[in-house]
Amino acid sequence: MAFYQRKFIYKNLKRKITTIILCVAIFPLIFLGETIYYRFAKTYEEKIEDQIKYRTRSLSDAVEVFLRERTAILATIVDTRSFDDLKQQENLARMFKVISRRTDGLIDLGVIDSAGQHLAYSGPYNLKGLKYFQQAWFNEVMTKGKYISNVYMGYRQLPHFVIAVRGYSNGRGWILRATVDSDIFNQLVRTAQTGMSGDAYIINKNGIYQTAPRFSGKILGKSNIPLTLFGQGTTVAEKIKANGKAKHVAGTWLKNNEWLLVITQDVGDEKGGLLTTRNTEIIIIVFGCLAIIMTTFFAMRMIFNHLEEVDKGISELNDQLIQSDKMAALGKMATGIAHEINNPLAIIGEKAGWMRDLLDEEKFQESENFKEYEQSVDKIEEHVERARKITHNMLGFARRMEHRLDDVDINNVLNQTLELLQSHAQTSNIKISKDFQSELPIIASDQSQLQQVFLNLINNAIDAVEKDGLIEVKTRKKDSQIVVAIKDNGPGIDEEHLKKVFDPFFTTKETGKGTGLGLSVSYNIIKKLGGIIKAESKLSEGAVFSIKLPIKIPDKK
């Protein structure tokens with residue numbers, strides 16, 4: 001009866017939780033989503049306008065610089081070269097060749113006297129000897145000193161515009177004129193065209209195209225852009241409708257307000273990101289509502305799951321206690337086995353020594369099988385030593401033990417370690433480079449424990465790099481120490497984590513891929529051997545682990 005009572009209570013509670021969540025969570029979530037979308041849409045609209053304004057200002061600056069640079073080149077020539085010099089055809093051709101090497105954008109160069117007579121010309125057209133006195137731009141140059149014309153047809157019957165600078169010779173004016181390369185100038189203007197609908201072009205104050213638009217119209221054709229939208233010397237952005245489509249239009253005046261640079265972009269193309277954001281927001285809200293509803297329906301189940309997890313935790317704790325007992329028993333067994341094996345090993349080692357003493361006698365040395373005897377004794381002693389190391393490690397498994405001093409060649413230990421890990425590194429396409437100082441002194445240390453440290457550090461470096469990387473292993477003798485540096489070009493270690501890398505059970509690896517004991521064990525081993533280990537790292541630049549070992553000369557044996 002009590003069970004059914006609790007079930008009825010849980011059912012009523014579930015209904016109440018559902019109602020509360022729908023009222024408190026779902027409705028405000030939808031309202032918040034609408035508010036965020038409205039604010040985002042407004043900000044996005046302002047960003048689009050700012051971007052088209054920025055493109056317009058940037059291109060206008062580039063065009064002004066283009067025109068000023070080429071005007072300055074002509075002015076420099078007029079100021080530094082005489083009229084009599086430049087009117088010589090070969091001198092003008094040489095000058096134009098020099099200009100063409102230094103800059104682009106000019107297709108010819110000509111010298112015109114005060115009467116409008118084209119005295120010298122260098123370029124692809126036959127313009128020498130023509131009269132320009134009646135040309136509108138001629139009078140403008142003679143009056144203003146410097147002049148950039150509108151695009152016109154001229155003698156060559158091709159749309160072009162010129163830059164001209166006035167000079168004086170013997171009290172009379174003359175003109176140095178250059179034609180701007182229309183292809184290069186049009187290409188400069190077209191750099192502001194973006195997307196499938198973006199356009200950029202220049203019109204003069206009469207609405208005549210000075211560069212070719214992307215979609216409709218042509219050079220020297222009439223534009224339908226209302227110039228009244230754009231104030232003098234200002235950059236504005238407006239929305240206008242053309243062919244049923246809304247467009248952003250930005251413009252800025254150039255060349256002393258004689259040219260207008262116009263950039264247009266369809267609003268629909270610019271708002272693709274906004275529509276994507278709207279759809280994403282709708283999906284997030286829908287999934288959020290579903291998640292809330294599912295959470296409501298599974299609330300009671302989560303309670304029971306929590307109870308199951310508590311029970312599971314107790315079971316795991318019991319398993320750990322059992323495992324600890326097993327490990328303790330295994331440790332005792334390992335200690336017993338090690339002691340039992342050490343006794344016969346000692347006898348075998350002693351007998352092998354006695355056999356070697358016999359071999360030193362002269363009658364044994366005269367035997368035909370002396371070499372085989374000697375090799376056999378060597379093998380016996382080698383494997384006795386190997387068995388001793390195994391029992392030494394078994395004892396270390398059971399209890400903490402002091403290190404064993406060997407004659408250690410650091411370079412050799414590193415080479416052996418790298419051989420073990422070479423296959424693992426090659427599988428991940430990781431290159432391991434060695435920079436070992438030759439003739440490092442042999443030191444008294446624990447070779448097996450050092451190898452364990454090197455194995456941990458290099459293996460960690462391989463895991464950090466993951467693939468397609470580089471690990472550098474370097475050894476150096478510095479004062480009374482040997483320094484081993486292991487460097488990788490992995491992602492590096494965060495400064496906050498760097499302080500804790502040698503702490504027990506601390507790891508930056510994913511759950512299940514690291515115990516957090518490798519560096520802690522390595523730290524304790526190096527410290528016990530009288531050395532120092534430290535880590536240095538910068539994010540995205542990799543990490544360096546440095547080991548400093550004291551140079552302790554082995555005792556003579």
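Here, each number is a calculation from the coordinates, and none is a lab measurement. Nothing here was measured: the structure is a model prediction, and the numbers come from that model. Neighbour counts run over all protein chains shown; Cβ positions are idealised from the backbone, glycine included.
Filter Lys431/Lys474; Lys434/Lys528; Lys205/Lys245 down to the pairs with a C-alpha to C-alpha distance above 21 Å, please. Violating the 21 Å Cα-Cα cut-off are Lys434/Lys528; Lys205/Lys245. Full extension of the chain between Ser169 and Lys218 yields a length gain of 13.6 nm, computed as 0.36 nm times the residue separation minus the alpha carbon distance. Among 450-456, 178-184, sorting by the average number of other beta carbon atoms lying within 10 angstrom of each residue, highest first, gives 450-456, 178-184. Local charge for Leu127 was computed over the other residues whose Cβ lies under 13 Å away, with Lys and Arg +1 and Asp and Glu -1, and equals +3. Length available on full extension from Ser438 to Glu45: 0.36 nm per residue minus the Cα-Cα distance, which gives 134.7 nm. With semi-axes defined as the square roots of five times the eigenvalues of the C-alpha gyration tensor, the equivalent ellipsoid of the range 10-297 measures 62, 17, 14 Å, largest first.
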